[in-house]
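Colleague: Structure incoming, see below.
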Amino acid sequence: MSTAAPARPAFHRPAAVDEAVRLLAEHPEAVPVAGGTDLMVAVNYRLARPEAMLDLTGVAELREWADEGDAVRIGSGVPYARITAELAAVLPGLAAAARTVGSPQIRNRGTLGGNLATASPAGDGHPPLLATGATVEIASAAGARRVPIGEFFLGPKRSALRPGELVTAVTVPKAAGPQQFLKVGTRNAMVIAVCSFALALDPAARPIDDVRGTADYRRHALAVCAARALRRVWAAAHERSPR
Amino acid sequence: MTQPATGPAAATAAVTAIRVTMRVDGAEVAADVDRPGESLLSTLRDRLGLTGAKNACEQGECGSCTVLLDGDPVCACLVATAQCEGREVQTVVGAVPRPVRDAFVQRGAVQCGFCTPGLLVAVADLLRREPDPADARIREALAGNLCRCTGYEKIIDAVHTAAATMAGDRP
């Protein structure tokens, strides 16, 4: 009877998470977009040609973070520039990683949610989230669920995110001690990581003074033992020709 | 606008495009975008004839297309135009104070000029936030703007000159 209407370009602009997941359920072809720093490259190079997109930049609740006492809950749409500017004191590892993402222009747009959903092994946000034991919050029309970061990544560009789901937030425990993020690339700026490393130290357990040694001696000896043990297990794991 | 188009209206041009209204350099503009992934850079240059933002890499690497979106520097090539509904875009035409532009000319910071509009926007944003930045801060702020001619030294000189001029202009 009626002929199909020509495909109409659609750009969905939800204002709330509820609306976003409902739209995604109704329009599974719609590609979610926030900062666009990955997706738009693919679109510009004709590697992707979405007939519909779901814009998350208008969802105010995704662009907020909240102090939850011993952790910070970061909305998936908070750009890296704000993580660096606003969260360096409580999440130094993540803030350091955020500062190495792309350029100022990229950090004004790119988000942790996009980093997670893309699940690239070069994602700068991932090492500090893994080192601190963060939790990923995911929403769909069926409800919300929480996934420990250690169970989120399934492989290069593969994650626990299912069709119809959106990453809505990441809860990151506040630093209990010093944290480090190191990234190797061809220069200091605008670099996709060749490899990267994050460390979060929890120094809550303190060595004691007693008849067998002072706390200072124990601290020093532990550092020597830890460095030696790490070098040895690394060498053992990467030996080219096992004896 | 999310319902599938049906009936006679589906055949008209009006429903096969996405109408986006935004402010560009202070003027209200409307653009009809025919695919959701059309970039702000394409819309500015190809639909609106506003060629201040330059098109080079289209992957956010070079910064030639830097514009301010609601006051923040972004690569126009990585913003979907449809994300700009109701938002404020400033290109090199509307974002850059005169002393910044003059300093680039005075200090020989322009050679081929292709990167210049993006650099001017990035420098304008830097000096608005930090009136007298040190070299390291300048380099960090301009890390997303590639120049293949100048070696950057003249550009950094120009930022200092612009900062000094603007400081002198303030009461």
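Colleague: Answer yes if at least one residue in the stretch A:215-236 is assigned to a loop (DSSP other than H, G, I, E, B) and away from chain B (no Cβ under 14 Å), and no otherwise.
Modeller: no
Colleague: Select, from A:GLY58, A:GLY69, A:GLY102, A:GLY123, the only residue that is surrounded by fewer than 16 Cβ atoms within 10 Å (Cβ to Cβ) and not in a strand (DSSP E or B).
Modeller: Numbers: A:GLY58 fails: surrounded by fewer than 16 Cβ atoms within 10 Å (Cβ to Cβ); A:GLY102 fails: surrounded by fewer than 16 Cβ atoms within 10 Å (Cβ to Cβ); A:GLY123 fails: surrounded by fewer than 16 Cβ atoms within 10 Å (Cβ to Cβ).
Exactly one residue qualifies, and that residue is A:GLY69.
Colleague: Taking the condition of being over 25 Å from A:PRO173 (Cβ atoms) and in contact with a strand residue (DSSP E or B) (Cβ under 6 Å, 6 or more places away or on another chain), how many residues in the stretch A:191-242 meet it?
Modeller: Here the count works out to 1.
Colleague: Which count do you get for residues in the stretch B:43-54 that are more than 17 Å from B:GLN83 (Cα to Cα) and touching a residue at least 24 places away in the same chain (Cβ under 8 Å)?
Modeller: Adding up the residues that qualify gives 4.
Colleague: Pairs needed: first member in the stretch B:27-42, more than 9 Å from chain A (Cβ to nearest Cβ) and in a strand (DSSP E or B); second member anywhere, of a type in the set (S, T, N, Q) and crowded, with 21+ Cβ neighbours inside 10 Å; C-beta distance under 7 Å; at least 6 residues apart or different chains.
Modeller: Close Cβ pairs (under 7 Å, with a partner that is of a type in the set (S, T, N, Q) and crowded, with 21+ Cβ neighbours inside 10 Å) amount to B:ALA31/B:THR43; B:ALA31/B:THR81.
Colleague: Which residues, taken from the stretch A:39-55, are surrounded by 21 or more Cβ atoms within 10 Å (Cβ to Cβ) and more than 7 Å from chain B (Cβ to nearest Cβ)?
Modeller: A:LEU39, A:LEU54
Colleague: Pick from the stretch A:105-120 the residues that are of a type outside the set (D, E, K, R) and assigned to a loop (DSSP other than H, G, I, E, B): which of them is farthest from the other protein chains (Cβ to nearest Cβ)?
Modeller: Result: A:ALA119.
Colleague: Is at least one residue of the stretch A:76-93 more than 14 Å from every other protein chain (Cβ to nearest Cβ), over 19 Å from A:ALA131 (Cβ atoms) and surrounded by 24 or more Cβ atoms within 10 Å (Cβ to Cβ)?
Modeller: Yes, there is a match, as at least one residue in the stretch A:76-93 is more than 14 Å from every other protein chain (Cβ to nearest Cβ), over 19 Å from A:ALA131 (Cβ atoms) and surrounded by 24 or more Cβ atoms within 10 Å (Cβ to Cβ).
Colleague: Another question, then. Write out, first by first residue and then by second, each pair whose Cβ atoms fall under 8 Å of each other, whose residues are 6+ apart or on separate chains, and whose first residue, in the stretch A:11-27, is facing chain B (nearest Cβ under 10 Å) while the second is of a type in the set (Ser, Thr, Tyr).
Modeller: That search, which allows pairs on different chains as well, returns A:HIS12/B:THR2; A:LEU23/B:THR2; A:GLU26/B:THR2; A:HIS27/B:THR2.
Laboratory data are not the source of any read-out in this text; all were calculated from the coordinates shown. The shown structure was predicted, so the numbers you read here are calculated from the model rather than taken from an experiment. All Cβ positions, even for glycine, are placed from backbone atoms using ideal geometry, and neighbour counts span all protein chains on display.
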